[in-house]
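Asks: Just passing along the structure, written as structure tokens.
Please treat every number below as a calculation from the coordinates, not as lab data. Every value quoted in this text rests on a predicted model; they were computed, and no experiment measured them. Methodologically, a virtual Cβ is constructed for each residue, glycine included, from the backbone with ideal geometry; neighbour enumeration extends over all protein chains shown.
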Amino acid sequence: MEQLYFTEEHKMLRDMVREFAQNEVKPLAQELDEKGEFPHESVKKMSELGLMGIPWEEKYGGTGMDTLALVIAIEELGKVCPSTGATMMAHTSLGTAPIAMFGTEEQKEKYLPALASGEKIGAFGLTEPNAGSDAGNTQTRAVLKDDEYIVNGEKAFCTNAGEASVIIFTAVMEENGEEKGISAFVIDADTEGMSLNPPEKKMGWCGSDTRSIFFKDMHIPKSAVLGNPSKGFKQ
């Protein structure tokens, strides 16, 4: 079966990540989980190994590999520390992928190099207190006023939120009193009007940062819209 799907590059990556996970990540896993501490040391080393930008183009600082390569790396990390595997998974597939897939060239140039290198961590806010499995029931609103959107709402169980420098979130776009559908937006985590709850107390994956995000009259430019306006729920 391995011969059908794995290239030599995949095998080399697997062996490298497996060795790293066993030697560098596993010894820290139990203590991180018991103390609920984010795996800063492991993430730094993963960044140095190029693991934080596996599927992204080299021109944006990624390694230019495929999705299978990303899955291989997450699996090897998750074997020894689910929190570390989840951190990289959420950063790459949730906090970076929407920019790589749907962002404008300006957004890609602004965000991808730092995300792909691991210099910055990404997070994605979708779930809400009243919109979990039914994400189409999003309550967060982004109301257009003049040349900017004013955002109010809340996101729950957002992985990496407390460590992220870049946050993607969804909200119902409203223009001239009319709802235009759910859109995606990308912002810097220090944007005024955004705040965070303390980390959630969980039964497992305690080293993975999970929090609620609050938006209170947060003003963001039109350029923060990610992808096709009103199609953020489908992208």
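Asks: For the chain, which span is the longest to avoid every loop-located (per DSSP) member of trypsin sites (Lys or Arg not before Pro) having at most 15 other Cβ atoms inside 10 Å?
Replies: Numbers: sites that count: 201, 202, 231, 234.
Maximal segment without exposed cleavage sites: 1-200.
Asks: Please name which of 100, 223, 17 has its Cα lying farthest along the dipole of the chain towards the positive end, using unit charges on Cβ (Lys, Arg +1; Asp, Glu -1) and the Cα centre as origin.
Replies: 17
Asks: Here is a follow-up. If you take every DSSP beta bridge whose two residues both sit in the chain, what share of them, in percent to the nearest 5, is antiparallel?
Replies: Working: 30 of 37 bridges.
Close to 80 percent.
Asks: Shifting gears a bit: What is the order of 218, 52, fewest Cβ neighbours within 10 Å to most? Kindly include the intermediate steps, with their values, before the conclusion.
Replies: Numbers: 218 22, 52 29.
Ascending number of Cβ neighbours within 10 Å: 218, 52.
Asks: State the answer as a single residue: which of 6, 82, 65 lies farthest towards the positive end of the charge dipole of the chain, with beta carbon charges of +1 for Lys and Arg and -1 for Asp and Glu, about the Cα centre.
Replies: Final value for the positive-end residue is 82.
Asks: Go ahead and set up a Gaussian network model of the chain, Cα springs under 10 Å, then flag whichever of 203, 12, 194 fluctuates most.
Replies: 203
Asks: Same structure, new question: Compute log10 of I(q)/I(0) for segment 1-70 with the Debye formula, placing one identical point scatterer on every Cα and leaving out solvent, at q = 0.12, 0.23, 0.25, 0.26 Å⁻¹, to two decimals.
Replies: Each listed q corresponds, in turn, to -0.40, -1.04, -1.11, -1.15.
Asks: To continue, here is another question. For segment 122-226, with the dipole built from +1 on Lys and Arg beta-carbon atoms and -1 on Asp and Glu ones, taken about the Cα centre, which of 191, 131, 166 lies farthest toward the positive end?
Replies: Final value for the positive-end residue is 131.
Asks: Further, regarding this structure: Per residue, what volume in Å³ does the Cα convex hull of segment 2-117 take up? Provide the component values of the computation, followed by the final result.
Replies: Details: hull volume 11.1 nm³, N = 116.
It comes to 96 Å³ per residue, whole-number rounded.
Asks: Normalise the Cα radius of gyration of segment 122-226 by 2.2 N^0.38 Å (N = residues in it) and let me know the number. Please report the intermediate quantities before stating the final value.
Replies: Values: Rg = 13.5 Å, N = 105, 2.2 N^0.38 = 12.9 Å.
Its radius of gyration relative to the 2.2 N^0.38 Å reference: 1.04.
Asks: Please determine, in degrees from 0 to 90 and to the nearest 10, the orientation of helix 67-80 with respect to the longest principal axis defined by the Cα atoms of the chain, where the helix direction is its Cα long axis.
Replies: 70 degrees
Asks: Then there's this: Mind putting together the pair-distance distribution for the chain? All Cα pairs, 10 Å bins, whole percent per bin, short to long.
Replies: 8, 32, 33, 20, 6, 1
Asks: Could you put 158, 206 in order, starting from the residue whose Cβ has the fewest other Cβ atoms within 10 Å?
Replies: Details: 158 27, 206 20.
Arranged by neighbour count, lowest to highest, 158, 206 become 206, 158.
Asks: Report, to the nearest 10°, how far helix 105-117 tilts away from the longest principal axis of the Cα atoms in the chain, using its own Cα long axis and a range of 0 to 90°.
Replies: Taking Cα atoms only, the helix is inclined about 30 degrees.
Asks: Packing-wise, with mean Cβ within 10 Å as the measure, how do 163-169, 112-118 rank, highest first? It would help to have the intermediate numbers written out before the result.
Replies: Working: 163-169: 23.9, 112-118: 21.7.
Highest to lowest by the protection proxy: 163-169, 112-118.
Asks: Any idea what the dipole of segment 122-226 comes to, in debye rounded to 20, about its Cα centre with Lys/Arg Cβ at +1 and Asp/Glu Cβ at -1? Don't jump to the answer; show the numbers that get you there.
Replies: Working: 9 positive and 17 negative charges, 80 e Å.
So the dipole magnitude of segment 122-226 works out to roughly 380 debye.
Asks: Right, something else. Please give the charge dipole size of segment 2-117, origin at the Cα centre, charges +1 on K and R Cβ atoms and -1 on D and E Cβ atoms. Round to the nearest 20 debye.
Replies: In debye, rounded to 20, segment 2-117 gives about 120.
Asks: Moving to a separate point now. Assigning unit charges at the beta carbon (Lys, Arg +1; Asp, Glu -1) and nothing else, what dipole magnitude in debye, to the nearest 20, does the chain show about its Cα centre? Before the final figure, lay out the partial values.
Replies: Values: 23 positive and 38 negative charges, 69 e Å.
So the magnitude is around 340 debye.
Asks: Rounded to the nearest 10 degrees, what's the angle between the helix 26-35 long axis and the longest principal axis of the chain, both from Cα atoms, 0 to 90?
Replies: The angle comes out near 40 degrees.
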